[in-house]
1. Between segment B:15-65 and segment A:1-54, what is the C-alpha centre distance in whole Å?
2. Decide, for segment A:82-223, between rounded, prolate and oblate: order the square roots of the alpha carbon gyration tensor eigenvalues as a ≥ b ≥ c, take rounded if a/c falls under 1.5, and otherwise choose prolate if a/b is larger than b/c, else oblate.
3. Which whole number gives the average, over all residues in A:194-201, of C-beta atoms from other chains lying within 10 Å of the residue C-beta?
4. Between B:SER209 and B:THR117, what length in nm is gained on full extension when 0.36 nm per residue of separation is reduced by their alpha carbon distance?
5. What are the nm distances, shortest first, from B:GLY24 to its equivalents in the other copies, labels at 7 Å along Cα→Cβ?
6. For A:ALA52 and A:ARG96, what is the calculated FRET efficiency with R₀ set at 41 Å and r taken between the beta-carbons, to the nearest 0.05?
7. If we sort B:35-46, A:198-209, B:3-14 on the protection proxy, mean other Cβ atoms within 10 Å, highest first, what's the order?
8. Dipole size in debye (nearest 20) for segment B:1-75 around its Cα centre, Lys and Arg Cβ +1, Asp and Glu Cβ -1?
2 protein chains.
Amino acid sequence: MVSIHQRIFEDIETRIMTGVWQPGHRIPFEHELVQEYRCSRMTVNKALSALAERGMITRRRKVGSFVASRQIDRTVMDIQDISTEAELAGHDHGYRILRRRIETLDGATAAQLGETTGSDILRLHCLHTVDGKPNALERRIIMLAMVPSARTESFASVPPGKWLLDMVPWSKARHVIRAVSADAATARLLETERGKACLTLIRQTWQGSRTVTHVEIIHPGDRFQFAGDFHPTERGIPDQPPRRSSF
Amino acid sequence: MVSIHQRIFEDIETRIMTGVWQPGHRIPFEHELVQEYRCSRMTVNKALSALAERGMITRRRKVGSFVASRQIDRTVMDIQDISTEAELAGHDHGYRILRRRIETLDGATAAQLGETTGSDILRLHCLHTVDGKPNALERRIIMLAMVPSARTESFASVPPGKWLLDMVPWSKARHVIRAVSADAATARLLETERGKACLTLIRQTWQGSRTVTHVEIIHPGDRFQFAGDFHPTERGIPDQPPRRSSF
DNA sequence: GATCCGCTTTTGTCTATACAAATAGATACA
DNA sequence: TGTATCTATTTGTATAGACAAAAGCGGATC
């Protein structure tokens, strides 16, 4: 039914989780576990390596394996493309391009992105609706040097987030979540009041050391939240990842 | 220098990341990679298993291994205890208990927590300061059945978040991030204006199926943000996890 | 006391082999 | 035509054995 290395993994994991083995506790040596479970060392090793890869234990040659200090809290947030997410949840998603302009990167924006001034960029503003109600305002910058085909793309039928995702691989992403008060223009577009709390997600993706895109997504605070679960128990990535929040 | 299974892992990962192998592409069979790298199947298997565990490929017997559909975005946020985080960043952290009361769980709150009414709880309100300025308002509920020793703890010298972390193991945590406008009382405590956007983190932790604690941390929006990086490249959990945001 | 050397223990990696489980595709059959 | 069965292929798991790398420890030497 369950494999041996999996059983070893779970046995140890349980003892760590329930606090039977406190941080710093030395886990039995591989040869001890071999005796206990009557299996080969490779099998034990597979289980312990997996625990180490997870950060639940740390291992040192000649010394042994130890329960790692408590992972205070580490939560995995799935942040998805807004149209994909809305469709998955059975909602109707729409969007409208408010602005689409090719510009050259000015000093202030360049500094913000950590890029050099003067590059060609595509600046996109976009309003997303879910079931007819304004749900997000998207302000995006695309580096045209990295994504030349964006220069001629109208984004009339595929929203920019989705288009980029399919188009351009990336190697690094950074997210920032903050709360801001809506200014007049934002409030009008999102059909909320001026000064209202909005949840803003900023994302910048890179390929190597060069920015691909930078996007700021502004949600009305009363209609939106991010959520994430953390189960120290979970192994690997489930086939059907739990649906969490989106942007 | 680098082990063979690691080299195989990285070679394949690179091809996926850079888009040379698109989602759906079939990865060479194990026996093909064995020939290519002139190593044993176990070594190849270790690399491919790791890729599968990471969700970068999916594997099916008799069929083969395939590049998984793009992981749209999954970001890991380290959410730490506020005092620990402040100290790490070299700031001065202080706090003050505003309220500490033992109550019985009323209907509305019980529903919110997904617990049954009538249990004994400890309700704590707490104001955190960083370098003397109000930085967060903490509203916490502790289930006394799960943490009996909280009944007599004053929390005068150890902030409740830290105390609980050291005291009680947990098996599941859930986080919600939202933006809210400050009401009058909150604004006064945080020394900001009424209606100002605030970033709120809600966290509930369970042990098994029973709630341990529920906490709501309200930050002034202009002084706070969450941030998280995601590198598809990163293997495992680094020894010194990068410091990210806190609560 | 300080430094270097070699011994020993533990983990890390690799191999060659074996059998089990899943399953796509072919074949036989009703 | 549809269904059951067989077969070949691929991945999943496990084993026993081997050597390498890291590192604590004690002893020899200066």
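FYI, it's all coordinate maths here, none of it is from the lab. Given the structure is predicted, the values throughout are model-derived calculations rather than measurements. Cβ placement follows ideal geometry from the backbone for every residue including glycine, while neighbour counts extend to all protein chains displayed.
1. So the two Cα centres are separated by 26 Å.
2. Working: a/c = 1.75, a/b = 1.38, b/c = 1.27.
Prolate, since a/c reaches 1.5 and a/b exceeds b/c.
3. Details: counts 0, 5, 5, 12, 4, 8, 5, 2.
Shielding by partners across A:194-201 averages 5.
4. Net length gain for the segment: 31.6 nm.
5. Spelled out, the distances from B:GLY24's label point are 5.5 nm.
6. Details: r = 50 Å, r/R0 = 1.21.
The computed FRET efficiency comes out at 0.25.
7. Averaged packing, sorted descending, gives the order A:198-209, B:3-14, B:35-46.
8. Using Cβ point charges on Lys, Arg, Asp and Glu, segment B:1-75 gives about 300 debye.
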